[in-house]
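Just below is one structure, and these are the notes that go with it.
The values are calculated or read from the model by the stated rules, or taken from the named source; none is laboratory data. This is a predicted model, so every value here is computed, not measured. All Cβ positions, even for glycine, are placed from backbone atoms using ideal geometry, and neighbour counts span all protein chains on display. Heads up: the accessible areas ignore ligands, DNA and RNA and are worked out on the full protein's heavy atoms, side chains in. Shrake-Rupley method; radii C 1.70, N 1.55, O 1.52, S 1.80 Å.
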Amino acid sequence: MGRTSDARERLIESAIALFWRHGFAGVSVDQLCESAGVKKGSFYHFFASKEELALAALEAHWERRKPILDELFSPSRAPLERLAAYFRFIHTRQCEIQGTYGQVLGCFYFSLGTSNVDQPRLNQRVREIIGFYERYHQSALVEAEQQGLVKLRDPAEKARDLFRYIEGLLADARLHGTTDRLADMPRLGFEFIGLEAPEPPDAAKLPTVATARP
């Protein structure tokens, strides 16, 4: 079997990379095993099915994203600064992904969630994680409105629409194979909200993200 102690982790890492690039339906168990350097028997020792591995990959990816989002949307930041930092992070992250994989990949959750229609548990978990993202956006928008920085009819609705708008830009970047348009994310994101993009504060530092672990 070989290297059994980290076989499960290698399968999860391979799943993230392959599902992100090819979608759930576009990857076979054989491909996952080959990429991870794991025999098929080992695969079924850890996971009952490809869906089980995809769920584990979702959790692993989310566990890495959540601390970054917690930092970007920290209450210690002004609400509009949180959004500006997040918009800049999107561009920076996609540039890193392109450098690692040689292509723009867009959003992992959308790549996985939209590539299958027969896995209700998987789709449900994708929707739950997307909901977390929307709540980060909503918290910043609600506080910005409370401070008189923006006027919104429904911050929760705007947060959902903002997430969808960002996903559209990411899909467009993947389709065209370039991150150039994402460099305009701070301006575009604030224009979508109805504001001009603030100047980035010198103290606003983005968290460091290791490109080896997507």
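Take each peptide in 185-191, 109-115, count the other Cβ atoms within 10 Å of every residue, and average; sorted highest first, the result is 109-115, 185-191.
So if we plug the beta-carbon distance of ARG187 and TYR44 into 1/(1 + (r/R0)^6) with R0 = 41 Å, what FRET efficiency do we get, rounded to 0.05? With a Förster radius of 41 Å, E is 0.25. The calculated FRET efficiency for the pair LEU195 and ALA171, based on their C-beta separation and a Förster distance of 25 Å, comes to about 0.55.
Carbon and sulfur together cover what percent of the accessible area of the chain at a 1.4 Å probe radius? Carbon and sulfur: 50 percent of the exposed surface of the chain.
For the pair the stretch 74-113 / the stretch 122-137, the C-alpha centres are spaced 15 Å from each other. Using Cβ point charges alone (K and R +1, D and E -1), the dipole size of the stretch 32-111 about the Cα centre works out to roughly 100 debye.
In this structure the chain gives 49 Å² per residue of accessible area when probed at 1.4 Å with all protein chains present. Coupling constants for the stretch 29-36 follow from the phi torsions by the Karplus curve (6.51 cos²θ - 1.76 cosθ + 1.60, θ = phi - 60°), and in residue order they are 4, 4, 5, 4, 5, 4, 5, 7 Hz; glycine and proline get x. Label point of ALA25 set 7 angstrom out along Cα-Cβ; within the stretch 110-139, amide nitrogens under 12 Å from it belong to 114-119.
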